[in-house]
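One structure is given here, and the rest of the page talks about it.
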Amino acid sequence: MPVPTPTVDELTAKQAITDVIHRYCRAMDRMDKALAMSCWHEGGTDDHSPLFAGTAEGFVEWVWPVHAGMEVIRHVVSNILIELDGDEAGAECYWTVTLRMDKDGDLYDVMGGGRYVDNFECINGQWAIRHRQSLHDWDIVRKVEATMATGEPMLKPNNPEVEPKISARDRTDYSYSVLGKSDRTRSS
């Protein structure tokens, strides 16, 4: 059975939905609360049970102090599948998260994976999440014994005199100097 060729409007809608999924990851990793809230329509909901189930606003308020206590947060999404139905859509994507945290002076990496299954809606031309269901598949916790910056160097620097650009978990991150224009308009 042949698969119908998508229309330009369908491709545009799918790209807008994909952008929301990616914005969510950026918002969580850069601790950009306004950007995070732009991913849901007003009254949207989120279910990360057993960690949190309720309003999207409540989820963001709950997760912010949790993430603030971590040294690194990294969300990666893939395998995005979107099915459109007029001004509504269903989407599924695989997520992988790495959380680095200090516990009693030792660093630990918590890594996990699962899927986001989202109900999207287009209101006034804007696609956003109406409800997000996070499904957990796996996780692992590992104590960090060494990093590239500690212990015996894993890589010999070619330019040790050049200061590295370090990630920031806020709007001072270098990426905002390149990508910040559209984020500033959403976050204002």
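Kindly provide the set of residues from segment 96-120 that are in contact with a His (Cβ under 6 Å, 6 or more places away or on another chain) and not small (Gly, Ala, Ser), ordered by number. Correct list: Val97, Asn119.
Report yes if Val63 is aliphatic (A, V, I, L, M), assigned to a helix (DSSP H, G or I), in contact (Cβ under 8 Å) with a residue 24 or more places away in the chain and under 30 Å from Val110 (Cα atoms), otherwise no. Yes, satisfied. Of the residues making up segment 7-25, one or more are touching a helix residue (DSSP H, G or I) at 6+ places or on another chain (Cβ under 8 Å) and surrounded by 20 or more Cβ atoms within 10 Å (Cβ to Cβ). Residues that are under 30 Å from Cys122 (Cβ atoms) and out of contact with any Lys or Arg (no Cβ under 8 Å at 6 or more places or on another chain) were ranked within segment 90-110; the one that is least open to solvent (accessible area, probe 1.4 Å) is Ala91. In this structure, does Ser38 turn out to be among the hydroxyl-bearing types (Ser, Thr, Tyr), exposed (fewer than 15 other Cβ atoms within 10 Å of the Cβ) and modelled with pLDDT of 95 or more? No, not satisfied.
Among the residues of segment 78-89, some residue qualifies, meaning at least one is over 29 Å from Ser175 (Cα atoms), surrounded by 13 or more Cβ atoms within 10 Å (Cβ to Cβ), out of contact with any strand residue (DSSP E or B) (no Cβ under 7 Å at 6 or more places or on another chain) and not polar (S, T, N, Q). Across segment 88-104, the qualifying residues are those that are part of a strand (DSSP E or B) and among the acidic types (Asp, Glu), and the one among them that is farthest from His22 (Cα to Cα) is Asp102.
The values are calculated or read from the model by the stated rules, or taken from the named source; none is laboratory data. Everything numeric here is computed off the predicted structure, so don't read it as measured data. Ideal geometry is used to build each Cβ from the backbone, glycine not excepted, and the neighbour counts take in all protein chains shown. SASA here: full protein model, heavy atoms, side chains in, ligands and nucleic acids out. Shrake-Rupley method; radii C 1.70, N 1.55, O 1.52, S 1.80 Å.
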